[in-house]
Amino acid sequence: MLTSLTTIDIIVLLFFVAIMPLTGLLFGKKDSSEDYFLAGRSLRWWMVAGSIFGTNVNSFHLIGMLGIGFSVGLAQSHYEILAPAGALLLCYVFLPVYRKLKVYTLSQYLEYRYDEKARLLYTVLMITLIVVQLVAGFYIGGRTLRFLLLNTPLEITYVQGIALMAAVTCSYTMFGGLNSIVATDNLQSVMMLLAGLIVAFLTFSQPEIGGLSGLMKLDANLPREAQKMHMYLPTDHPDLPWSGVLTGLLILHVFYYCNNQYLVQRTLAATSDNEAKIGIIAASFLKLLIPLFSITCGIAAAHLFRMRFGGLRNVLPDDAFLQLIATVVPTGYGLIGFILAGLCVATFSSIDSMMNAATTLVSVDVYKKYLNPAATDSQMVRTARITIGVVVVITALLAVLTYDPTSGSNFFLSVSNRGGYFTQGIVVAFMLGIWWRGASSRGAIATLVAAPLFAFGIEAFYNAQLGTLPAVQALFGPKLNFMHRVFLTFLFSLGVHAVVSRLLPDRNAKVAADTLAPGLPVRQMLLVAACLGGLVLAVFNGWLPSVAAGAVGALLTFGLFLYELRKTWPAEPVRDNRVYAGALCGLVVFLLFWFP
């Protein structure tokens, strides 16, 4: 538990928290609906990068991921290391189509590609998902604010913490629109990075840890079953099985980056395709820092608490971050105040983006589409503001009524689990719609409706029947891991869409070319996959150290990107997004091999 804050900590904390809504109000633009919802399509690459990072990285990561590193280990890094797969699909497959159509919402794309019913279903599913995640965001934010201010002059309750978050985020989101959110997201990104890196530096500087190399030695001295510095856990692991990570988690990444309104919305607001792509890639590089300052920090905290205090002292995973601050951060310099300010703004960073996405969907896809087709810009903006108020009140109340602020579960995994019931049908509807001319509107609707039902059904059937069979239980455990459920639901959704589209095609309907994307370079992808498979085999059989295999795979991947540029080598490579994409892929491959 944190000790009482000093006067300088309180001043620093209040100063940096107050800057955020002031920044949002200062930079907000609301002259038109395009200004309010898409920032006038004026965002530069660094603004896109900061906003994506601020939207994606929040208190779930600083607190939840550190807690999973603390309790489970490095395998949680897959949430960050595999994320560029979805980001690059957005860059080179989905985003060019979205921007060509000049859509405000992704549901508009589904209407262009399929019909109005598909658009409405996506809107309903996305609003449902946003509500689920907003409730979770208010919960972790209220819990965090209560805990970090405990025994200080600023002490508040869980309910008061939720009320404070609602008031602050509404103050600029409601009046400034996406410009306000992008400005505050960039501020939040800088503060979160600095806060996380400060905690990581101080943690690894502890004499018991001795840096990253010291942490690796400490971990290696433990029994194999107690070690945490491993990326791949058994297929029957209840939280992070490697078989689920390399299947279901990839599907979740595709949804989050390619088909998720509140993340894609800021890329639609970029000044050009190139600016949007470089922004996405830059945000992906920043995300690769999270395993360093969050997950490995959690592993170091477990070792530090064990050696310094003789055990983990019943520290709950979601409270490990704050306990670590109390243990390693010196008092009297304002550092605790700054770190807590970074944590405070992290609690706001995704909530404001989800609010804006929900209001955009309601205003564009419900109000203007069905209730008032002739709505003016001022009516659209007014509707958006009313929607924010309603959504905030409902989700804040649900956070108070449905969550226990003293829970000891791994919250980050719980949120991923709950959201994973609704996304696979969406992914399939978009993927087949953008790559297959034969995908029909009735196939898309059947998929969007059937996927959540199948997800709930397969989980219940596995847990009650299949999971009781000894052979199945030995392979995948007694309970169906949510990543395995996601992958099974994805396969089911593919089958439903393909079969229904064949049986019930869209007769006399031409698929517009601008709703389709070019095919992927399959030959090159198969070549890389074959080489990486060979490297995996070499590591598995002990023919090659994992670090050496990672280096070879990284050079191979980056080299293939450069080879693809040979015919159209840019005059200014520094401005070509494909160069950065190749470097990103190479780094990802290296990290996947680093800790087997």
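The values are calculated or read from the model by the stated rules, or taken from the named source; none is laboratory data. Every value quoted in this text rests on a predicted model; they were computed, and no experiment measured them. For neighbour counting, all protein chains shown are included, and Cβ atoms are generated from backbone atoms with ideal geometry for every residue, glycine included.
Counting residues that are in contact with a strand residue (DSSP E or B) (Cβ under 6 Å, 6 or more places away or on another chain) and more than 28 Å from Phe53 (Cα to Cα), which helices (runs of 4 or more DSSP H) fully inside the range 158-245 reach at least 1?
Values: elements: 158-204, 211-220, 242-245.
Here the list is empty.
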Worksheet entry | Checklist (1) surrounded by fewer than 24 Cβ atoms within 10 Å (Cβ to Cβ); (2) in contact (Cβ under 8 Å) with a residue 12 or more places away in the chain; (3) hydrophobic (A, V, I, L, M, F, W, C) applied to Val124, failing item | (2)
Discussion item. Given the options Arg306, Arg385, name the one that is touching a residue at least 60 places away in the same chain (Cβ under 8 Å), basic (Lys, Arg) and surrounded by fewer than 21 Cβ atoms within 10 Å (Cβ to Cβ).
Written reply: Arg385
Worksheet, complete the sentence: Scanning the range 484-510 residue by residue, those over 19 Å from Thr447 (Cα atoms) and of a type outside the set (D, E, K, R) turn out to be Asn508, Ala509
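Quick grid of which residues meet (1) more than 30 Å from Asn417 (Cβ to Cβ); (2) at pLDDT 85 or above; (3) over 28 Å from the mean Cα position of the chain (by Cα):
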position	(1), (2), (3)
Leu494	no, yes, no
Leu516	yes, yes, no
Leu526	yes, no, no
Tyr563	yes, no, yes
Val579	yes, yes, no
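Can you tell me which residue within the range 225-241, out of those that are without any contact (Cβ under 8 Å) to a residue 60 or more places away in the chain and over 14 Å from Leu74 (Cβ atoms), is surrounded by the most Cβ atoms within 10 Å (Cβ to Cβ)? Write out each step before concluding.
Just the residues of the range 225-241 that are without any contact (Cβ under 8 Å) to a residue 60 or more places away in the chain, to begin with: 225-226, 234.
If we keep only those that are over 14 Å from Leu74 (Cβ atoms) too, we end up with 225, 234.
Numbers: Glu225: 5, Pro234: 12.
Checking each candidate, the answer is Pro234.
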Worksheet entry | Boolean, Val393 is within 19 Å of Gly141 (Cα to Cα), assigned by TED's automatic domain parsing to the domain that holds Tyr158 and modelled with pLDDT of 90 or more | yes
Discussion item. Between Gly559, Gly553, which is of a type in the set (Gly, Ala, Ser), closer than 19 Å to Leu250 by Cβ and either assigned by TED's automatic domain parsing to the domain that holds Leu289 or in contact with a Gly (Cβ under 9 Å, 6 or more places away or on another chain) (or both)?
Written reply: Gly553
Worksheet item: Which of the residues belonging to the range 519-530 are surrounded by fewer than 16 Cβ atoms within 10 Å (Cβ to Cβ) and without any contact (Cβ under 8 Å) to a residue 60 or more places away in the chain?
Response: Pro521, Val522, Arg523, Gln524, Met525, Leu526, Leu527, Ala529, Ala530
Discussion item. Can you pull out every residue in the range 396-415 that is in a helix (DSSP H, G or I) and at pLDDT 70 or above?
Written reply: Ala396, Leu397, Leu398, Ala399, Val400, Leu401, Thr402
